[in-house]
1. So I have [x] 20.7, 69; [y] 21.5, 80; [z] 43.2, 133, and one of them is Rg and Dmax of the Cα atoms in Å calculated from this model. Which one is it?
2. GNM on the chain, C-alpha springs below 10 Å: top fluctuator among 53, 176, 223?
3. What translational diffusion coefficient, to the nearest whole µm²/s, does the stretch 99-282 have by Stokes-Einstein, given a Kirkwood radius computed over alpha-carbon pairs, a temperature of 25 °C and 0.890 mPa s viscosity?
4. Please compute the volume of the convex hull spanned by the alpha-carbon atoms of the stretch 27-136 and report it per residue in Å³.
5. Using a basic spin-label model with each label point 7 Å from the Cα along Cα→Cβ, how many nm lie between residue 125 and residue 62?
6. Which residue, 52, 77, 140, has the most motion in a Gaussian network model of the chain that connects Cα atoms within less than 10 Å?
7. Tell me the mean residue ellipticity at 222 nm calculated for the chain from its helices only (DSSP H runs of n ≥ 4, each -39500 (n - 2.57), averaged over every residue, nearest 500).
8. Which length gain, in nm to one decimal place, applies between residue 150 and residue 167 when the Cα-Cα distance is subtracted from 0.36 nm times their residue separation?
């Protein structure tokens, strides 16, 4: 038996990771200590799981217990999605919401005035201007909806895309028009990346401010702050290219994923998401609660990890 002491893995900080990898038609396993995808012919492709923020598992993918455990230890989010990213079936949890940040987020979301201040901060971040004064959250939601529809029309005109409305049926994916398919595929990429960052920072994906009542409400809130500078722009670029007959080989969804990957990298998205969460929540005026003096210390020693929310 080796005398070398066990050293726990320390996850790479989310800002230093690559964004997203999509996997399909193979078994994900840990073989010879490596995280690999094995296809039906037995060919192994090694996946640098410790350097990724998120792995999207499409239909035809199986994953072993060892692979799930390793992904959790290194802080890589696993997301089970439908083909092309049109559905999100389930997601793992690479970290675990910290009690102080979870209570902070929940208090800001439950109290009327702090919640309104956070929504106003999100509006200002997204549109670059102060929201109208003396407006409720519902009124700001309505104003935002009008602005968003106008921005969709702007990008459609800019790239020569015929645009009707933002709509699609997940059960009839192939019947949706190209612009909507592009937007949905790109949005799936952004949601996976945003959820990974939220979990890594120690917050809860379900506790939203503008969006409420969904498992990913806070993911939608934060993703919307970056959607138009990354996903929407990329989606309409691809849709316009296809409309002009200049589409590159491969599916619509794959083209959008590549475009979004490049847009995320160009925008330094992984470096910006967690600080932005802190900024918009700070607008609530609520301080992060201190630990209770009567609280018990952890049973096991604390090991510093890559991000605040990662499990030790």
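Readers should treat all values here as calculations from the given coordinates under stated rules, not as data from a laboratory. Keep in mind it's a predicted model, so treat the numbers as computed, not measured. Cβ atoms come from the backbone with ideal geometry, glycine included; neighbour counts cover every protein chain shown.
1. The calculated read-out lines up with [x].
2. 176
3. Approximately 142 µm²/s, per Stokes-Einstein.
4. On the way: hull volume 17.4 nm³, N = 110.
Cα convex hull per residue, to the nearest whole number: 158 Å³.
5. 4.2
6. Maximum among the listed residues: 140.
7. Mean residue ellipticity at 222 nm (helix-derived): -14000 deg cm²/dmol.
8. Values: separation 17, 0.36 × 17 = 6.12 nm, distance 1.52 nm.
Difference between extended and current length: 4.6 nm.
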